[in-house]
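Student: Could you have a look at this structure, given as structure tokens, before my questions?
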Amino acid sequence: MNVLLWSIIIFISILVHVLFGTVRLTVMVKNKKILTTLIGFFESAIGLTIAITVISRAVREGINIYIILSYAAGFALGLYVGMYISQLISKDILSINIFSKLHSNEIENYLREKGFGVTCYYGSGKDGNIKVLNIICKRNNFTELKSFVKKIDSKVLVTSHHLEGLSGGFIYDIKSRI
């Protein structure tokens, strides 16, 4: 019973520790200094407590496979839950560029029908002029957008990058103006 209780404690502790670390990274990338510092404080306190507990128990009682497995399972689940929470709190906005040699008009019309705002401009490359489609949307709409585009042109080039400091304009799936 003692091993089971300690396995559960280790599992929950490492899950919370890794979850905090994953969320801290998301907050840190967004340059939220105070929140990052607070999360880091609790993350390190939990991590140090876990390390001391696991090492002292291993010295006293020997290495136990159940403790190792609960630590590993807590770590893995902490990563998963942390990534899920990071995705929920992250309001990443992407700028997406679409390059299609033959189907840019079709893609443009299709995306507009689906509710995406599309800005078009022309560029020139090695093979001549090309119409570039630019869409601003949330990160979680990117996969949907890419699948729409790939249905029309399987050889399309789709690029994306994160936007910071966005102000004004139309963004797909965001009700209010930013």
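The values are calculated or read from the model by the stated rules, or taken from the named source; none is laboratory data. All figures in this text were calculated on a predicted structure; none of them were measured in a lab. Here Cβ is always computed from backbone atoms with ideal geometry, including for glycine, and neighbour counts include all displayed protein chains.
Student: Only one of these conditions is not met by F41: (1) surrounded by fewer than 13 Cβ atoms within 10 Å (Cβ to Cβ); (2) of a type in the set (F, W, Y); (3) modelled with pLDDT under 90. Which number is it?
Tutor: The one condition F41 does not meet is (3).
Student: Filter the stretch 129-156 for residues that are farther than 28 Å from Y84 by Cβ and assigned to a strand (DSSP E or B); which is nearest to the chain's Cα centre (by Cα)?
Tutor: N134
Student: Yes or no: L94 at pLDDT below 90 and of a type in the set (A, V, I, L, M, F, W, C)?
Tutor: yes
Student: Does the stretch 116-128 include one or more residues that are assigned to a helix (DSSP H, G or I) and either charged (D, E, K, R) or touching a residue at least 12 places away in the same chain (Cβ under 8 Å) (or both)?
Tutor: Among the residues of the stretch 116-128, not one is assigned to a helix (DSSP H, G or I) and either charged (D, E, K, R) or touching a residue at least 12 places away in the same chain (Cβ under 8 Å) (or both), which makes the answer no.
Student: Quick test for you: out of I98, I39, I107, pick the one residue that is within 27 Å of L157 (Cβ to Cβ) and part of a helix (DSSP H, G or I).
Tutor: One residue alone meets the criteria, I107.
Student: Here are the criteria: (1) in contact with a Ser or Thr (Cβ under 8 Å, 6 or more places away or on another chain); (2) assigned to a helix (DSSP H, G or I); (3) surrounded by 13 or more Cβ atoms within 10 Å (Cβ to Cβ). Tell me which single one L19 does not satisfy.
Tutor: (1) is the only condition that L19 fails.
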